[in-house]
Amino acid sequence: MRIETLGKMHEIEINTWTTVAGPCSAETEDQILQTAREIAQFNCQVLRAGIWKPRTRAGSWQGVGEKGLEWMVRAKREVGIAIATEVKDPQTLELALRTGFDILWIGSRNGTNFSLLEEVGRQTTTSHLPIILKRTMGGDLADWLGAAEYILRFNPHVVLCERGISGFPRETRFVLDIQTAKIAQVESKLPVIVDVSHAAGRRDLIEPMARAVRAAGFNGVMVEVHPDPDRAITDAKQQISLKDFGRLMEKLSEIPLCL
Ligand code: PEP
Ligand code: MN
């Protein structure tokens with residue numbers, strides 16, 4: 001599965017190894033541009049940022065909204081990096097498609113929203129835009145692959161994303177279930193990437209978990225990166241600094257691809 005962004009300038013082979021990195025939430029234009037420039041220098045191919053945040057509580061901040069779209073597009077044009085964001089309903093889907101995103105993702109809270117899954121498939125039938133489908137925090141393999149089928153009926157370019165499931169440990173936010181993720185990869189033959197940030201919920205675990213993911217033959221990692229992680233509006237504890245991201249990329253490059 002290829003992603004071409006800015007003509008032929010950047011071709012990304014998402015079936016081999018892809019790094020998707022960037023802040024949990026887009027907060028300011030400077031934050032997005034600075035992140036894009038630095039992660040691109042470390043050979044990261046895809047910038048992620050949440051523009052519309054589906055939050056657990058209605059009173060919480062819900063993301064910057066539409067103005068974040070322009071910041072991402074500017075990052076794409078100026079840095080030449082592919083851009084990805086979460087779509088959470090038909091309105092945000094339409095806006096993201098119109099703006100020129102290279103990848104869309106469905107968040108874990110929407111993994112059973114079958115009408116949205118189907119609509120995402122329908123709206124990308126001709127473009128075949130890659131869709132990252134996160135596993136729900138309480139879903140099993142059948143739920144995850146079943147959700148993928150709703151998109152696959154229209155668009156074959158689905159990338160599965162393991163992001164941790166709810167479980168017993170209190171020390172981490174979720175439990176990284178790379179076992180089921182591996183079964184999903186083998187059974188579905190779809191690329192599978194792993195979001196180590198949401199699984200861990202703490203930045204000290206990002207590097208060891210990402211190394212394990214690469215060694216286990218997955219197709220990439222998603223990592224939350226922020227220029228000033230402690231001051232991030234959302235998910236501050238699990239985001240790593242740009243400097244630490246550089247170190248992570250170096251460490252990962254030392255591990256051969258195990259596909
Ligand atoms: C995110 O990627 O910022 C996010 C909210 O992830 P998830 O849907 O996996 O909780
Ligand atoms: Mn987040």
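The values are calculated or read from the model by the stated rules, or taken from the named source; none is laboratory data. Small disclaimer: the values here were computed from a predicted structure and weren't measured. Every residue, glycine as well, gets a Cβ built from its backbone with ideal geometry; the counts of neighbours run over all protein chains shown.
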| said: Please pick out the residue among Gly63, Gly59, Gly68 that is in contact (Cβ under 8 Å) with a residue 40 or more places away in the chain and outside any strand (DSSP E or B). | reply: Gly68
| request: Taking Leu47 as meeting all but one of (1) part of a strand (DSSP E or B); (2) of a type in the set (A, V, I, L, M, F, W, C); (3) more than 15 Å from ligand 2 (Cβ to nearest atom), write down the number of the exception. | output: (3)
| query | If you go through region 177-189 one residue at a time, do you hit one that is within 16 Å of ligand 2 (Cβ to nearest atom) and more than 28 Å from His128 (Cα to Cα)? | reply | no
| task | List every residue pair whose Cβ atoms sit under 7 Å apart, with the two residues 6 or more apart in sequence or on different chains, where the first one lies in region 230-245 and is in contact (Cβ under 8 Å) with a residue 60 or more places away in the chain and under 19 Å from Pro208 (Cα atoms) and the second, anywhere, is of a type outside the set (Ser, Thr, Tyr) and more than 16 Å from ligand 1 (Cβ to nearest atom). | result | Leu242/Glu38; Leu242/Pro227; Phe245/Phe42
| For region 59-71, how many residues are on the phi > 0 side of the Ramachandran plot and buried (at least 21 other Cβ atoms within 10 Å of the Cβ)? | 1
| said: For region 140-170, give me each residue that is touching a residue at least 12 places away in the same chain (Cβ under 8 Å) and assigned to a loop (DSSP other than H, G, I, E, B). | reply: Asp140, Arg153, Phe154, Asn155, Pro156, His157, Arg163, Gly164, Ser166
| Looking only at region 26-41, and only at residues there that are touching a residue at least 60 places away in the same chain (Cβ under 8 Å) and either within 15 Å of ligand 1 (Cβ to nearest atom) or in contact with a helix residue (DSSP H, G or I) (Cβ under 7 Å, 6 or more places away or on another chain) (or both), the one that is farthest from Leu252 (Cα to Cα) | Glu27
| said: Scan region 112-125 and tell me whether some residue there is among the hydrophobic types (A, V, I, L, M, F, W, C) and loosely packed, with under 14 Cβ neighbours inside 10 Å. | reply: yes
| message | Is it the case, given these coordinates, that Ser108 is away from ligand 2 (no atom under 16 Å from the Cβ) and out of contact with any Leu (no Cβ under 9 Å at 6 or more places or on another chain)? | response | no
| Index of the failed condition, Glu4 passing every other in (1) part of a strand (DSSP E or B); (2) surrounded by 16 or more Cβ atoms within 10 Å (Cβ to Cβ) | (2)
| said: Any residue in region 11-25 that is closer than 23 Å to Gln239 by Cβ and within 16 Å of ligand 2 (Cβ to nearest atom) sitting within a Cβ distance under 9 Å of a residue that is at pLDDT 95 or above and among the basic types (Lys, Arg)? List the pairs, counting only those 6 or more apart or interchain. | reply: Val20/Arg48; Ala21/Arg48; Gly22/Arg48; Pro23/Arg48; Cys24/Arg48; Cys24/Lys53; Ser25/Lys53
| said: Testing Thr56 on (1) exposed (fewer than 14 other Cβ atoms within 10 Å of the Cβ); (2) modelled with pLDDT of 95 or more, one condition comes back false. Which one is that? | reply: (2)
| remark: Among the residues of region 152-204, the number that are among the polar types (S, T, N, Q), buried (at least 20 other Cβ atoms within 10 Å of the Cβ), within 16 Å of ligand 1 (Cβ to nearest atom) and under 30 Å from Thr125 (Cα atoms) is 0
| said: Residue under question is Lys243, and the condition is that it be more than 15 Å from ligand 2 (Cβ to nearest atom), surrounded by fewer than 16 Cβ atoms within 10 Å (Cβ to Cβ) and either of a type in the set (Lys, Arg) or within 29 Å of Pro54 (Cα to Cα) (or both); does it hold? | reply: yes
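Only one residue in Arg48, Arg74 is within 13 Å of ligand 1 (Cβ to nearest atom) and surrounded by 14 or more Cβ atoms within 10 Å (Cβ to Cβ), so which one is that? First the steps, then the outcome.
On the way: Arg74 fails: within 13 Å of ligand 1 (Cβ to nearest atom).
Selected residue: Arg48, the only one of Arg48, Arg74 that is within 13 Å of ligand 1 (Cβ to nearest atom) and surrounded by 14 or more Cβ atoms within 10 Å (Cβ to Cβ).
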| message | If Glu224 meets every condition in (1) over 18 Å from the mean Cα position of the chain (by Cα); (2) part of a strand (DSSP E or B); (3) among the charged types (D, E, K, R) apart from one, which number is that one? | response | (1)
